[in-house]
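> Please find one structure pasted underneath; my questions will follow.
Just so you know, all these numbers are worked out from the coordinates, no wet-lab data involved. Model, not experiment: these values are computed from the prediction. Please note: Cβ atoms are built from the backbone with ideal geometry, for glycine as well, and neighbour counts cover all protein chains shown.
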Amino acid sequence: MEKITAFAGQIPSFVKEAYQELTKCTWLARGDVMRSTIAVSVVVILVAIYVSLVDFGLKILLGSILGGR
């Protein structure tokens, strides 16, 4: 029981130290975050299209070789 009490007593100190560390961080500007998000979204869409086309092509190729429907 005393371990729980000791742990509960350390929580406010931990939160205070975590907040102090977060104030030291350099955060990206909103514009940078938006540009990065758009770039990642475009790359994900392009990769999804590429994988879909390769999958479709392999389906057609293997279907013609194996005589599937």
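> What lysines sit close enough to Lys24 to cross-link, taking a C-alpha to C-alpha distance under 29 Å and skipping anything fewer than 8 places away on the same chain?
Hits, sequence-local ones excluded: Lys16.
> Counting other Cβ atoms within 10 Å of each Cβ, which chymotrypsin sites (Phe, Trp or Tyr not before Pro) in the chain have at most 16 and sit in a DSSP loop?
Answer by residue number: Trp27.
> Further question: Using alpha carbons only, how many degrees (0 to 90, rounded to 10) separate the axis of helix 2-24 from the longest principal axis of the chain?
Roughly 70 degrees between the two axes.
> For helix 30-66, what angle does its Cα long axis make with the longest principal axis of the chain, in degrees from 0 to 90 and rounded to 10?
30 degrees
> Consider the candidate values (i) 96; (ii) 52; (iii) 193; state which one is volume of the Cα convex hull per residue in Å³ computed from the structure displayed.
Matching entry in (i) 96; (ii) 52; (iii) 193: (iii).
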